[in-house]
Amino acid sequence: MKYQVGMYGGSFDPLHLGHLHCILQAAAMCRELYVVLSWSRSRDSTPKELRYRWIHQHVRHLPHVKIILVEDSAPSKEEYGEECWAQGARDIRAAVGKPIDAVFCGSDYQGTGRLEGLYGPECQVVYFDRSEVPVSSTSLRENVYENWQYLAPAARPRYVKRVLVAGGESTGKSTLVQNLAIAYNTNFVREIGRETCDAAGGEEFMNLEDLCENLLRQKMEEMRAARDSNRLLFVDTDALTTKFYAQLLLQDETERSKCAALADAVAGLHRFDLVLFLEPTVAFVQDGTRNEEIAAHRQKYSSQLKGLFDQAGIPYECLDGDYLDRFRRAKQLIQSRFGIRTAW
């Protein structure tokens, strides 16, 4: 190894491939590398614990790389002056606890002499070419979706926009979710209730355990899918829809209350960034699992389901018309809300 103890620092807000490229190169040059995560009580847009996790997930295969946290007390970026730089260097030295013989940083600092002045002649400053991975945390904060390919994989779930497709039975939810996932080259979460309904032999035979399984598995599938999604994640059905079916299918009031409590708790874990509510304006298709009572009174039950979203204070966009109308309107809403298009 060329160096005994090296240091590479930043706020990593958010972590991107440029950071990782520098860390991996620095790690190959040091017996020990300290990645210094700078955090601020007043300026951070992302919790330090989450940023620590992002870095950890990408360097945990390198046992000689250690992550340490150093607080930055400057009230604003503009007020981060020379004394703040000097205090930061002192804090880093104290946190590392041993002589640092290499400081690594991007080439944007080259020629300033700042780091050479802070760490002295006993420490070599090594610059990495920033143009090799042309991105910055600032550009990501300004438009993460235009720069998605540079966002560190571990950081992506925080920025994935979750789009729920809700509505009554046979309104085209499953079709729209899959079509949108294909159009945006991303993932979707299927409706777990289809599996539990089939296992029970039909909706009329579903019990409290089945509905609780729907709630828990649906949320777990959503959380897993978000880790590998490309800007968007489409979800077919949610906890409030399961709460609606509990009220419809369960006869015991105690069981209804238990299911409703779990549904409300699960619904509160993550708020969807966009809810598309499909109106019953397409033909009802009986696939052998669907409720004939709902089929006979589609508008009534659709309004009841909307009422649950209204009670929870969750806004939604209603989509009507045929399948093509819904698909086009969904894309329009995604572009207007998030600035995400199907074109790259």
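Taking VAL163 as the residue in question, decide whether it is within 13 Å of the chain's Cα centre (by Cα) and outside any loop (DSSP other than H, G, I, E, B). When the stated conditions are applied, VAL163 passes them. When you look at ILE340, is it at pLDDT 95 or above and assigned to a loop (DSSP other than H, G, I, E, B), yes or no? Yes. Filtered by the rule that a residue be modelled with pLDDT of 95 or more, more than 21 Å from the chain's Cα centre (by Cα) and more than 25 Å from LYS300 (Cβ to Cβ), segment 200-229 gives GLU209, CYS212, GLU213. Filtering segment 12-32 to residues that are open to solvent by less than 50 Å² (accessible area, probe 1.4 Å) and either at pLDDT below 95 or within 21 Å of the chain's Cα centre (by Cα) (or both) leaves PHE12, ASP13, PRO14, LEU15, HIS16, GLY18, HIS19, LEU20.
Scanning segment 19-31 for residues that are in contact (Cβ under 8 Å) with a residue 40 or more places away in the chain and out of contact with any helix residue (DSSP H, G or I) (no Cβ under 7 Å at 6 or more places or on another chain) gives HIS19, CYS22, GLN25, ALA26, MET29, CYS30.
The helices (runs of 4 or more DSSP H) found wholly in segment 168-287 and carrying at least 1 residues that are crowded, with 17+ Cβ neighbours inside 10 Å and either aromatic (Phe, Trp, Tyr) or in contact with a strand residue (DSSP E or B) (Cβ under 9 Å, 6 or more places away or on another chain) (or both) occupy 173-183, 208-226, 239-249.
The values are calculated or read from the model by the stated rules, or taken from the named source; none is laboratory data. Model, not experiment: these values are computed from the prediction. Every residue, glycine as well, gets a Cβ built from its backbone with ideal geometry; the counts of neighbours run over all protein chains shown. Accessible surface areas use protein heavy atoms only, side chains included; no ligands, DNA or RNA. Shrake-Rupley method; radii C 1.70, N 1.55, O 1.52, S 1.80 Å.
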